[in-house]
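Trainee: Right, I'll just put the structure down here and ask away after.
Each reported figure results from applying straightforward, stated rules to the coordinates on display, with no laboratory input. These numbers were taken from a predicted model, which means no experiment stands behind them. Please note: Cβ atoms are built from the backbone with ideal geometry, for glycine as well, and neighbour counts cover all protein chains shown.
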Protein chains: 2
Amino acid sequence: MNSVKNLPEKTIERLSQYRRVLLDCLRQGKYNIYSHELASLLHINPVQVRRDIMLIGHNGTLRKGYDVKRLSDMIGTIIDSKEGQKVAVVGVGNLGRAIMTYFQGKRTKLVIAAAFDTDPAKVNRVIAGIRCYAASEMEEVIRKEGITIGVITVPPDKAAESAEKLVMAGIRGILNYTPVALNVEPHAYLEEYDMVTSLEKVAFFVKNRS
Amino acid sequence: MNSVKNLPEKTIERLSQYRRVLLDCLRQGKYNIYSHELASLLHINPVQVRRDIMLIGHNGTLRKGYDVKRLSDMIGTIIDSKEGQKVAVVGVGNLGRAIMTYFQGKRTKLVIAAAFDTDPAKVNRVIAGIRCYAASEMEEVIRKEGITIGVITVPPDKAAESAEKLVMAGIRGILNYTPVALNVEPHAYLEEYDMVTSLEKVAFFVKNRS
DNA sequence: ATAACATTGTTATTTTTGTAACAAAAAGAA
DNA sequence: TTCTTTTTGTTACAAAAATAACAATGTTAT
C-alpha cells in the first residue's frame, strides 16, 4: 500500500516546512512557486521538493510551478486532522510560555487548549491566552477537553511524573523538551528534543571545520 | 581517513545523549553500564550504541560493559573543544531565557557568555546569570569575548537581521529557533529547529496510528 | 572440566534518505 | 513551423543510517 500513512518521516517534517513557506507566500500575494524556489528557501534540493510533492499525490503545472494555495491546502489534508487536535502544555516556565506565546492564534487545526503547572501563582490564570490549570486536574481537563497531545516543559525531575499523568489521562502523543528519556510506549507516540544536544552538535561542527 | 571528523552526524547527536545519561549514572554512583542499558534509556538499539562507541575508538570490558567515567571523558574529547566555546543568545524573550536558565552552570566547555536584546528594560541587566547587552553592541562583544556560537531566539521578523549581525561579527555556528530559514553559508554552520514542525509531526503520527 | 550464557566488537545486510538523470511537455524564440 | 529553454514527474542510483548476524571471549553454573 502506498498511502499517506507510509510517507517517510522526513517528508512529513518537510511538508510542515513547505506549508510554513507557502503561507508566507500567500500573505505576500505570491500565488505560484517553483520547486527550486521552495528548495532554496529551505536549503534543500529541488528534486526533493518535487519528490515529496509527488508522494502526496499533488501536481504542479509545467513551467508555472505549484499553485501555492492548492498545495498548502493539500498539505493540510495530509498533516492536519479534519476536526483538529488539542494540545496541552505541561509546565509553564520560560519554555512553556515560549510555546504558548508562539502558537497564540497561529494554527486552527492544532490548538493549545490548556496549560498545567503546580505554582499557585500560575494556576487559574490565563497566560498567553491559555487557561492554566493545577497539575492535579490534568486527567480531568484532558479528558473533558479531548486533548490528544501533550508538550512537556517541566523541570527534569518532574518529567517522568508528568508523562505518566499524561498517559493516565489517555494522551496519544507527547513532545518532550526535557533532557529525560521518557517511557510511554505503547500508549503514546513520543518525540524528544534536547536543546543541549543541538547546541553540542553545532559546537562539534564548528570545532571541526577546516 | 577514518578520524573523528568523519563521524556520522547522527552519531554526534547520540554521543551528546550518551554523555547526558552517563553523567546521570555517575551522580547515582553507577560506574559501569551495558550497551543495552544505554540503549533502552535512549530508546535505541544496543547495536547502535556499540557501533557508535566503536567508531570513537573506545572499548568496554566483556561482560562488564563500559566504564561510565572513562566513556563520558572520551565523548568529551570528541565533542568538546579543549579550550571550550562561548555562546551568545540573541533575543531574551521566553525562549531565550529558557535556554539561559537551562545552561546556567551546566557545562563548563560550552558557556553562555552574553545575551543580546533591544529592549531597554533588559539591556545591561544580568538575567539567569548572564549579562544582557544592547543588540547594537553585538559585534564588539562577540569579538571581544571570543564568542563562536550564536543562538537566535528573536521574533521571526528580526531573525534575518540578527543572523547577519552574527555573521558580521565572525560567528562560526548558529542555532536558529525562529521559523525563518536563514542564509549564512559559507560563513557559519547552521542548525535550525522549528517547534511547530515538531508538534505537527507528533500530530500527524497521532492521527495515523491504528 | 565442560557447557551454557552474556556481552562486546565488527562485518554484512537492509532500510531509509537524498541526489542524479532524464523523458515529457508547455512556452517562447527563431 | 521547428528549435531551444524551462520546469515538472518519475525512475534509477548513491549515500547514510539502522539493524542483523555472528565470532570472540570471559563468566557462571553444573
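Trainee: Under 5 Å between amide hydrogens, which residues at least 5 positions from A:I174 or on another chain qualify, with H placed 1.01 Å from N in the peptide plane?
Mentor: A:G150, A:Y189, A:L190, A:E191
Trainee: Mind sorting B:D52, B:D194, A:D73 by how few other Cβ atoms lie within 10 Å of their own Cβ, fewest first? Could the numbers behind the result be given before it?
Mentor: Numbers: B:D52 23, B:D194 18, A:D73 14.
Fewest to most other Cβ atoms nearby, the residues stand as A:D73, B:D194, B:D52.
Trainee: Sequence gap at least 6, Cα distance under 8 Å: using those rules, report the relative contact order of segment A:85-196 to the nearest whole percent. Don't jump to the answer; show the numbers that get you there.
Mentor: On the way: 222 pairs, mean separation 27.3, N = 112.
24 percent.
Trainee: Quick check: the distance between the Cα centres of segment A:10-59 and segment A:140-201, to the nearest angstrom?
Mentor: Each part's Cα centre sits 30 Å from the other's.
Trainee: Moving to a separate point now. What percent do you get for the relative contact order of chain B when only Cα pairs under 8 Å and 6+ apart count? Could the numbers behind the result be given before it?
Mentor: Details: 301 pairs, mean separation 27.8, N = 210.
Reported as a whole number, the value is 13 percent.
Trainee: Related question: Counting other beta carbons within 10 Å of each residue's own, what order do B:F116, A:F204, B:F103 fall into, fewest first? Walk me through the intermediate numbers first.
Mentor: Numbers: B:F116 28, A:F204 25, B:F103 21.
If I rank by nearby Cβ atoms, fewest first, I get B:F103, A:F204, B:F116.
Trainee: In nanometres, what is the gap between the two model label sites at B:Y193 and A:R51, each 7 Å from Cα along Cα-to-Cβ?
Mentor: So the two model labels end up 2.6 nm from each other.
Trainee: Another one. Please report the residue of chain B with the smallest beta-carbon distance to the B-to-A rotation axis, and give that distance in Å, no decimals.
Mentor: B:N94, 2
Trainee: Which FRET efficiency value, to the nearest 0.05, is calculated for A:N6 and B:M168 with the Förster distance at 35 angstrom and r the Cβ-Cβ distance? Mind showing how you got there, number by number?
Mentor: Working: r = 45 Å, r/R0 = 1.30.
E between A:N6 and B:M168, to the nearest 0.05, is 0.15.
Trainee: Under the Karplus relation 6.51 cos²θ - 1.76 cosθ + 1.60, θ = phi - 60°, what is the ordered set of whole-Hz ³J(HN,Hα) values for segment B:181-186, x standing for Gly and Pro?
Mentor: Those phi angles translate into 6, 9, 10, 10, 5, x Hz.
Trainee: Taking only Cα atoms and a 10 Å spring cutoff, compute GNM fluctuations for chain A and point out the largest among A:L199, A:L190, A:L41.
Mentor: The residue with the greatest mean-square fluctuation here is A:L199.
Trainee: For chain A, modelled as a Gaussian network with Cα springs under 10 Å, which listed residue fluctuates most, A:S16, A:S198, A:S162?
Mentor: Of A:S16, A:S198, A:S162, the Gaussian network model singles out A:S198 as fluctuating most.
Trainee: Using a cut-off of 28 Å between alpha-carbon atoms, which lysines can reach A:K86, once sequence neighbours fewer than 8 places away in the same chain are excluded?
Mentor: A:K5, A:K10, A:K69, A:K106, A:K109, A:K122, A:K144, A:K158, A:K165, B:K201, B:K207
Trainee: Okay, next question. What's the average, rounded to a whole number, of partner chain beta-carbon atoms within 10 Å of each residue's beta-carbon in A:187-199?
Mentor: Details: counts 0, 4, 9, 3, 5, 4, 3, 4, 9, 10, 9, 8, 14.
Going residue by residue through A:187-199 and averaging, the value is 6.
Trainee: Can I ask one more? Computed FRET efficiency, Cβ-Cβ of A:L26 and B:K30, R0 56 Å: what is it to the nearest 0.05?
Mentor: On the way: r = 54 Å, r/R0 = 0.96.
Taking R0 as 56 Å, the efficiency between A:L26 and B:K30 is 0.55.
Trainee: Ignoring everything except DSSP H segments at least 4 long, calculate the 222 nm mean residue ellipticity for chain A; use -39,500 (n - 2.57) per segment, divide by total residues, nearest 500. It would help to have the intermediate numbers written out before the result.
Mentor: Values: 8 runs with 89 residues, N = 210.
Taking each H run of at least 4 residues, the total per residue is -13000 deg cm²/dmol.
Trainee: Once amide H atoms are built 1.01 Å from N in the peptide plane, which residues 5 or more positions from B:L110, or in another chain, come under 5 Å H to H?
Mentor: When sequence neighbours closer than 5 places are left aside, the close amide H contacts are B:Q85.
Trainee: Note down the magnitude of the dipole of the protein assembly as shown about its Cα centre, charges +1 on Lys and Arg C-beta and -1 on Asp and Glu C-beta and zero elsewhere, to the nearest 20 debye.
Mentor: On the way: 60 positive and 46 negative charges, 99 e Å.
Around 480 debye, computed over the protein assembly as shown.
Trainee: What's the magnitude of the charge dipole for chain A around its Cα centre, counting Lys and Arg as +1 and Asp and Glu as -1 at the beta-carbon? Answer in Debye, nearest 20. Could you put the intermediate results ahead of the total?
Mentor: Values: 30 positive and 23 negative charges, 228 e Å.
In total the dipole reaches around 1100 debye.
Trainee: In nm to one decimal, list the spacings between the B:P155 label point and its equivalents in the other copies, with label points set 7 Å along Cα to Cβ, shortest first.
Mentor: 3.2
Trainee: Could I ask something else about it? Treat the count of other C-beta atoms within 10 Å as a stand-in for reagent exposure and order B:D117, A:D67 from fewest to most.
Mentor: Working: B:D117 22, A:D67 18.
Ordered from fewest to most neighbouring Cβ atoms within 10 Å, B:D117, A:D67 come out as A:D67, B:D117.
Trainee: Another question about this same structure. Give the Kirkwood hydrodynamic radius (Å, one decimal) of the protein assembly as shown, defined as one over the mean of 1/r across all pairs of different Cα atoms.
Mentor: One decimal place: 22.9 Å for the Kirkwood radius.
Trainee: Place the label 7 angstrom along Cα→C-beta at B:K69 and in each other copy, then list the distances from the first to the rest in nm, shortest first.
Mentor: 6.8
Trainee: Now, a different point. For chain A, what does the equivalent ellipsoid look like in terms of its semi-axes, each the square root of 5 times an eigenvalue of the Cα gyration tensor, given largest first in whole Å?
Mentor: On the way: eigenvalues 233, 89, 58 Å².
Equivalent-ellipsoid dimensions as semi-axes: 34, 21, 17 Å.
Trainee: Once phi is turned into θ = phi - 60°, what whole-Hz ³J(HN,Hα) does the Karplus curve with 6.51, -1.76 and 1.60 give for every residue of segment A:11-21, x standing for Gly and Pro?
Mentor: Once θ is set to phi - 60°, the couplings for segment A:11-21 become 5, 4, 4, 5, 4, 4, 6, 4, 4, 4, 5 Hz.
Trainee: Something else now. If I fit a long axis through the Cα atoms of helix B:195-207 and take the longest principal axis of the Cα atoms of chain B, what angle between them do I get, 0 to 90°, rounded to 10?
Mentor: That works out to roughly 50 degrees.
Trainee: Provide a whole-number value for the mean count of partner chain Cβ atoms within 10 Å of the Cβ atoms in peptide A:65-73.
Mentor: Details: counts 0, 0, 0, 0, 0, 0, 0, 0, 0.
Taking the mean over all residues of the peptide, I get 0.
Trainee: Could you derive backbone 3J(HN,Hα) for segment A:162-173 from the dihedral phi with the Karplus parameters 6.51, -1.76 and 1.60 (θ = phi - 60°), listing whole Hz in sequence and x where the residue is Gly or Pro?
Mentor: Once rounded to whole Hz, the list reads 4, 4, 4, 4, 4, 4, 4, 7, x, 5, 10, x.
Trainee: So for segment B:4-78, averaging the separation of alpha carbon pairs under 8 Å that are six or more residues apart and normalising by length, what relative contact order in percent results?
Mentor: On the way: 67 pairs, mean separation 28.7, N = 75.
That works out to 38 percent.
Trainee: Here is a further query. Gain in length, A:E161 to A:T108, computed as 0.36 nm per residue apart minus the alpha-carbon separation, to one decimal in nm? Let's see the in-between values first.
Mentor: On the way: separation 53, 0.36 × 53 = 19.08 nm, distance 2.98 nm.
In short, 16.1 nm is gained.
Trainee: Still on this structure: Along Cα→Cβ at 7 Å, what distances in nm separate the B:E137 label point from those on the other copies, shortest first?
Mentor: 4.4
Trainee: What average count of beta carbons from other chains do you get within 10 Å of the Cβ of residues in A:38-48?
Mentor: Values: counts 0, 0, 2, 3, 2, 7, 1, 0, 0, 0, 0.
For this peptide, the per-residue mean of nearby foreign Cβ atoms is 1.
Trainee: Select from A:E200, A:E137, A:E191 the residue whose mean-square fluctuation is largest in a Gaussian network model of chain A (Cα-Cα springs shorter than 10 Å).
Mentor: A:E200
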